[in-house]
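Have a look at the structure below, then the notes.
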Amino acid sequence: MENHGSGFRRVLLLAFCVAGIWSAYIYQGILQETLSTKRFGPDGKRFQHLAFLNLAQNVVCLIWSYIMLKLWSSSAGGAPWWTYWSAGITNTIGPAMGIEALKLNSWVLAKSSKMIPVMLMGTLVYGIRYTLPEYICTLLVAGGVSSFALMKTSSKTISKLAHPNAPLGYGLCFLNLTFDGFTNATQDSITARYPKTSAWDIMLGMNLWGTIYNLFYMFGWPHGSGFEAIQFCKQHPEAAWDIFFYCLCGAVGQNFIFLTISRFGSLTNTTITTTRKFVSIVVSSVLSGNPLSSKQWGCVLMVFSGLSYQIYLKWRKLQRLQKKRKPM
């Protein structure tokens, strides 16, 4: 009975992480769209320094994780701060390449397969071994999201995807996915080497290096726009408040992300973040009275079958571990 209770609590924790990640980042997406489209002040200026959001979020999340470690975490033996330097680089450069790829072509199909490079990088770089059922879960989720996105994509976008002048966009997509895979695989390796590493330890290490790299990018070279972004916020305090709430959503979301990584691994976290946008599209379609076709519902079934199977596999793995630890 105790084993079943522990397994049930673990499933509840996973559901809690899913709800936290989805709600925080869906609202953050709304704030980002507001910042990029809203006109501030009587002169009607737009905030055009979206790269500044990454730095601001790094700083807020760094302070948040430091406070949480001081207040709540009494464990020692976590990963040293310097172990995150390489993952910090790829985690900083990867999203920037994704933004540039988005300008060149629609890359949602490639992005929806993010779980595959996570597994490949984990296997090739760190020797992590995944089981056949885990690969099946990944293919179900990635295939379902990709197919759904293809059905929702207009013919104009599809022709743009096939345009011969899009190699740079595809190259940036590839690098973005490779960097994402390396980041997640490195985080898995760190938590495996330092089992006492908490979610806030990971959050502190990643945002420390992200802050360093983004400070250099925004202020350390002639074309950096950090000073212009700060000046804009001084002139338009309303934009500063939107940025603050954007960063606060990022801090809350990162708590759930790194909790997921520390308890369930980066592949589970990638599955959750990949399906977040998918779920928001499905909900939006249903609420707006735009019914999904039978093929689209088939894609929904594929995705949630993969998610449900993954939860079942983790529950079964936990049961086996508990049986091994149980004294004879």
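The values are calculated or read from the model by the stated rules, or taken from the named source; none is laboratory data. Note that this is a predicted model, so its numbers are computed, not measured. Neighbour counts run over all protein chains shown; Cβ positions are idealised from the backbone, glycine included. Side chains included, ligands, DNA and RNA excluded: accessible areas come from the protein's heavy atoms. Shrake-Rupley method; radii C 1.70, N 1.55, O 1.52, S 1.80 Å.
Summing +1 for each Lys or Arg and -1 for each Asp or Glu, what net charge is found among the other residues whose Cβ lies under 13 Å from the Cβ of T191?
Result for the local shell: +1.
Could you give each residue of segment 78-90 its phi-based ³J(HN,Hα) in whole Hz, using Karplus coefficients 6.51, -1.76, 1.60 with θ = phi - 60°, and x for Gly or Pro?
Rounded to whole hertz, the list is x, 5, x, 5, 6, 5, 8, 4, 6, 5, x, 5, 5.
Sort I261, I30 from largest to smallest accessible area, using a 1.4 Å probe on the heavy atoms of the protein chains.
I30, I261
Just reorder S147, S308 by solvent-accessible area, largest first, 1.4 Å probe, all chains present.
Putting S147, S308 in descending order of accessible area: S308, S147.
Considering amide H positions built from the backbone, and no H for Pro or chain starts, which residues 5 or more places from K45, or on another chain, come under 5 Å of its amide H?
It is F40, by chain and number.
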